[in-house]
Structure formats: C-alpha cells, structure tokens
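The values are calculated or read from the model by the stated rules, or taken from the named source; none is laboratory data. This structure is a prediction, so every number in the text was calculated from the model and none was measured. Please note: Cβ atoms are built from the backbone with ideal geometry, for glycine as well, and neighbour counts cover all protein chains shown. These area figures cover heavy atoms from the full protein model, side chains too; ligands, DNA and RNA do not enter into them. Shrake-Rupley method; radii C 1.70, N 1.55, O 1.52, S 1.80 Å.
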Amino acid sequence: MELEKVPLEVEKAISAKYPFPTFPSLHEAVKNWSNIPGKIFPLDVNVQKELVFKVTGDDKGDKLPITIPAGGGVVAMRQEGSMLYVLQGRTSRYEARVPLFQTNIRDVVSELYNLNVNAWFRLTYKLRNDARARYNAGLPAFAGGPAPTAVLASNTPKGTPSTSTQPSNKPGGPVDPVYGATPGTNSKGEVTCVANDIRANKFKDCQYQFIQRWGVPKKGRFKGKPLWVVEVGYQVDSIFGRFPQEARFYIRNERVEDWEVIDD
C-alpha cells in the first residue's frame, strides 16, 4: 500500500480520529485456557499422544476400538475444564476425552487470535491512508463511517454499525475512454453502485450495517480488464467477536463487474 503524505497537523488529526485499538491478551481472552470461546467448536486439532476411541456395548459389530496415532487429526467439539471432548471425524458418533494440553489447540487458537488482531491494525492503517488520500484530493478527510471499534472475547457487542447516510443517486463523474465513468459517490464517500448492491445482499458476509471503511475509487485492472477499483472494509463474525474483513469491488460505468475478498 502506497502511503500518502500530508502536513503534520493533518496527520495529527487523522491519528486522533483513528487511534490504534487495544486488546486483551490471548491468555485473558481464553481465561488462561480454562474457557476457550465456544464459537470455535467444532475445530480440527491434532493429538500429541495416541488416542483410542473405545467400543460400547451397542458398537460391537463395528471395527473398534479406533486408534488415532500421535500427530493424527480429530475434531474438538467442546471444552470442559482441562479436557476436550473430541470425535474421530465431524460425522463420527464416537467420542473421547483428551487433555487440552495433549493437543495443538493452543497453536490453532493463537493463530486465529493473531489473525483477528492483525486485521484490526490493518483496518486502522487503511482508514488513516484513506483520509490522507481524500485530503490530498481536496475532499473531506473523514468519510465512510465511524472510526473502528475493536472488540474481543468478553466485551463483544453485535458489531459497530455504520452511521453512513443512504446512498445517493449522484451520477458518476467524467468518462475515461479506457476505464469508463468515474464511480458516483455520496457525501460520506460511499460508492453508490457498490452500496446499492451490498444493500441487496449480493455479496456473501458483506452486510451494509457492518461497513466500516470506504476506500477511494482508483483506476486498476482485474483479469486484464481496465476497471475502477474500490476497497470496502466490513465486519464479520469470529470466535473473538466481530473482526474486520475487506473486499475489492471492480466497477465499470456504474456497474459492479466483480469482487473479491482480500487479506493484504
């Protein structure tokens, strides 16, 4: 991402508008591994020691017991204290108990936690750079919804709804012979055709009420075709509450031609 440069006083105002979020530590979020958020289950994990699924009286016709070797995969279904209840597979009826610390669940949950945290920091960086780009283009620096509200674990609200106004019917700007008409936007920086399609639920998991960021439309290419490109940041659900996801929308002449989720 190319960083925009603005005067120092403008940078201070942007930094104050979009402060970097703070988070509880991973150990706080999982109560020192005594209470992993239930949303995580079912979760694929590996066992560190051989695990045996024992036969019951009704199962004697099956080829049991089933043995999972060290390093093999099982499906964690729930936690009770220091134990995990696991299945051989997601459709299996055979359950076993295994000590939490005899699986790699800590590594799996740590990776999800870091993904969540990094997404919030990436959103803040992009919101700041959007504001710089708008300022340098002679537009209001702050547009496209509220500053981010990062939440994890125990203090998880249902999301941070956008306070943006309804999309306007403002037509696009000048027509570029290669890229088509400049996408129309409203006073909040929303790209009208994208906002309308999001409201119509055309894009999986991208809901209008959870939009946090509207990027500045720029010229680009997708699959070799010249198009206008705009990034949209929105919240999706995770085991640690809602966290930021982003997508790029590719536009030509006020029509969304394609879109893709991004993680850079």
Problem - Test result for LEU152, open to solvent by less than 20 Å² (accessible area, probe 1.4 Å) and at pLDDT below 90 - result: yes
Exercise for the section: Collect the residues in segment 200-227 that are over 19 Å from the mean Cα position of the chain (by Cα) and open to solvent by 20 Å² or more (accessible area, probe 1.4 Å), keeping them in residue-number order. Expected result: ALA200, VAL216, PRO217, LYS218, LYS219, ARG221, PHE222, LYS223, GLY224, LYS225, PRO226
Practice task
Would you check if SER168 is crowded, with 21+ Cβ neighbours inside 10 Å, of a type in the set (Gly, Ala, Ser) and at pLDDT below 90?
Solution key: no
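Being out of contact with any His (no Cβ under 8 Å at 6 or more places or on another chain) and either assigned to a strand (DSSP E or B) or more than 26 Å from ARG128 (Cα to Cα) (or both) narrows it down to one of LYS188, LYS204, so name that one. Let's see the steps before the verdict.
Numbers: LYS188 fails: either assigned to a strand (DSSP E or B) or more than 26 Å from ARG128 (Cα to Cα) (or both).
Being out of contact with any His (no Cβ under 8 Å at 6 or more places or on another chain) and either assigned to a strand (DSSP E or B) or more than 26 Å from ARG128 (Cα to Cα) (or both) holds for just one of LYS188, LYS204, which is LYS204.
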Practice task
Would you check if ASN186 is modelled with pLDDT of 90 or more and under 18 Å from VAL229 (Cα atoms)?
Solution key: no
Practice task
With the condition kept exactly as written, say whether any residue in segment 34-55 is free of Cβ contacts under 8 Å to residues at least 40 places away in the same chain, among the aliphatic types (A, V, I, L, M) and surrounded by 15 or more Cβ atoms within 10 Å (Cβ to Cβ).
Solution key: yes
Problem - Among residues of segment 110-124, those that are of a type outside the set (A, V, I, L, M, F, W, C), out of contact with any strand residue (DSSP E or B) (no Cβ under 6 Å at 6 or more places or on another chain) and either surrounded by fewer than 18 Cβ atoms within 10 Å (Cβ to Cβ) or modelled with pLDDT under 90 (or both), counted - result: 5
Handout entry: Residues satisfying the stated conditions in segment 88-100, i.e. in contact (Cβ under 8 Å) with a residue 40 or more places away in the chain and surrounded by 16 or more Cβ atoms within 10 Å (Cβ to Cβ)
Key = TYR94, ALA96, VAL98, LEU100
Exercise for the section: Please list, ordered by first then second residue, the pairs with beta carbon atoms under 7 Å, 6 or more apart or interchain, first in segment 101-121 and outside any helix (DSSP H, G or I), second of a type in the set (Val, Ile, Thr). Expected result: THR103/VAL45; THR103/VAL47; ASN104/VAL45
Exercise for the section: Taking the options PHE249, PHE243, name whichever one is touching a residue at least 24 places away in the same chain (Cβ under 8 Å), open to solvent by less than 20 Å² (accessible area, probe 1.4 Å) and either under 24 Å from ARG132 (Cα atoms) or not aromatic (Phe, Trp, Tyr) (or both). Expected result: PHE249
